[in-house]
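Just so it is clear, none of the values below were taken in a lab; they were calculated from the coordinates. A quick note: this is a predicted structure, and the numbers were derived from the prediction, not measured. We place every Cβ from the backbone using ideal geometry, glycine too, and count neighbours over all the protein chains shown.
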Amino acid sequence: MEGKIILESEVVLKKSAYGGTLRELVKEKHLHFLTGYFEPGEGMKAHIHTVPEEIYYVLKGQGEMILGKEKIKIKAGMAIFIPPNVAHAPLNTGKKPLVIAFIHSPPETGEYMKTI
């Protein structure tokens, strides 16, 4: 097999310095895929990526998200495209966990990420 199969439950859950907890499922040359978990009232610090484009895909729950100068409602089944240099930050405003898939291209290395 030339690809990889990753079972989410087998990936270590790590506390993020930006908020929430993350599982890094795939980090390759051109793509970075993580899942983020936020308890009620928990969110991430507003930040930008200077190079990577990003997609958030809300898997479970609901909340709000800073996206540029707007605050939008987010819910399961919603995809959000985030171009480079656009501030963004999810917040769980619901009563159940908020789970979001994060996809970066190119991969986020930390050097491209800045808090606002």
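If the condition is being touching a Lys or Arg at 6+ places or on another chain (Cβ under 6 Å) and either closer than 14 Å to Pro97 by Cβ or of a type in the set (Phe, Trp, Tyr) (or both), then segment 9-57 contributes Leu13, Tyr18, Gly19, Thr21, Leu22, Thr35, Pro40.
A single entry from Ile74, Ile103, Ile82 fulfils the requirement of being surrounded by 15 or more Cβ atoms within 10 Å (Cβ to Cβ), free of Cβ contacts under 8 Å to residues at least 60 places away in the same chain and within 19 Å of Thr50 (Cβ to Cβ): Ile82.
Among the criteria (1) part of a strand (DSSP E or B); (2) in contact (Cβ under 8 Å) with a residue 40 or more places away in the chain, the one Glu108 does not fulfil is (1). Within segment 18-59, restricting attention to residues that are basic (Lys, Arg) and more than 13 Å from the chain's Cα centre (by Cα), the residue that is surrounded by the fewest Cβ atoms within 10 Å (Cβ to Cβ) is Lys29.
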